[in-house]
Amino acid sequence: MGWFGKKRSPLEKRLLDEHSSILAQLFGSAREGRQVAEGYLGLARQKAEETGVLGVSSQGEDYLARAASDPEFGARLAVKRKDGVTDEDIRWWWNMDGLERCMMCVSDENSRMALFMSSKQEAGLTAQEAGAKVNRYLPLYGDMSRPTDPQGDDRPLPFELKDRINKWRMKKMGDPEGLSRQLDSVSSFNALVRKEIRAGNL
């Protein structure tokens, strides 16, 4: 039996409904939004199974305890602390089921890819220009910077900041011109987020 015929858990149903609603607004079609959300959920479940996090949740306190007792793990958390990650952020991210975390990542990856492709195909930008546009308008998340990732304030943001950033973005959507002016003063969306965190605005 394929993925579309599987019986879903309450969590899977919730994730499907939430993302279907968002995508329906984006595509202007409830049916298309639902189909895309189905695809996201399938990819998220595959990612969760491959990484061993499916059904794993309530890890926030364990994460903090390990950071206090394991020097190497603590050093990784210290890097996130410099980006403004708090205990509350740790608990929010790591107490979620692994499937939900993977669903968020899949959604982010697809949003970035969609903007990249439209920038190349519709706006006629080069791959480098399209990549810069994506980094300008959408956050880039990641635990560790790869050699190919942006560096400095443009480097990937900790996943744990996602909830705060999403809420901040929603507020900024009420003043798109103001947000555009702010983006004009920095090199990327991530750089603006870090600037706002340092200023105590996020």
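Tabulated data
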item	result
All positions within region 180-191 that are part of a helix (DSSP H, G or I) and under 12 Å from Leu140 (Cβ atoms)	Phe189, Asn190, Ala191
Residue satisfying all of: in region 46-76; of a type in the set (D, E, K, R) and within 17 Å of Val106 (Cα to Cα); surrounded by the most Cβ atoms within 10 Å (Cβ to Cβ) among these	Lys47
Verdict on Asp149 being touching a Gly at 6+ places or on another chain (Cβ under 9 Å), part of a loop (DSSP other than H, G, I, E, B) and at pLDDT below 95	yes
In region 17-34, the residues that are farther than 13 Å from Asn110 by Cβ and of a type outside the set (Ser, Thr, Tyr)	Asp17, Glu18, Ala24, Gln25, Gly28, Ala30, Arg31, Glu32, Arg34
Residues of region 53-69 that turn out to be touching a helix residue (DSSP H, G or I) at 6+ places or on another chain (Cβ under 9 Å) and either hydroxyl-bearing (Ser, Thr, Tyr) or free of Cβ contacts under 8 Å to residues at least 40 places away in the same chain (or both), as a count	11
Subset of region 23-37 that is assigned to a helix (DSSP H, G or I) and of a type in the set (S, T, N, Q) - its residue that is surrounded by the fewest Cβ atoms within 10 Å (Cβ to Cβ)	Gln25
Considering residues of region 149-191 that are buried (at least 18 other Cβ atoms within 10 Å of the Cβ) and among the acidic types (Asp, Glu) only, the residue farthest from Leu77 (Cα to Cα)	Asp154
The one condition in (1) surrounded by 14 or more Cβ atoms within 10 Å (Cβ to Cβ); (2) modelled with pLDDT of 95 or more; (3) not in a loop (DSSP other than H, G, I, E, B) that Lys120 fails to fulfil	(2)
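The values are calculated or read from the model by the stated rules, or taken from the named source; none is laboratory data. No experiment lies behind these values; they were computed from the predicted model shown. When we count neighbours, we look across all protein chains shown, and the Cβ atoms used for this are built from the backbone with ideal geometry, even at glycine.
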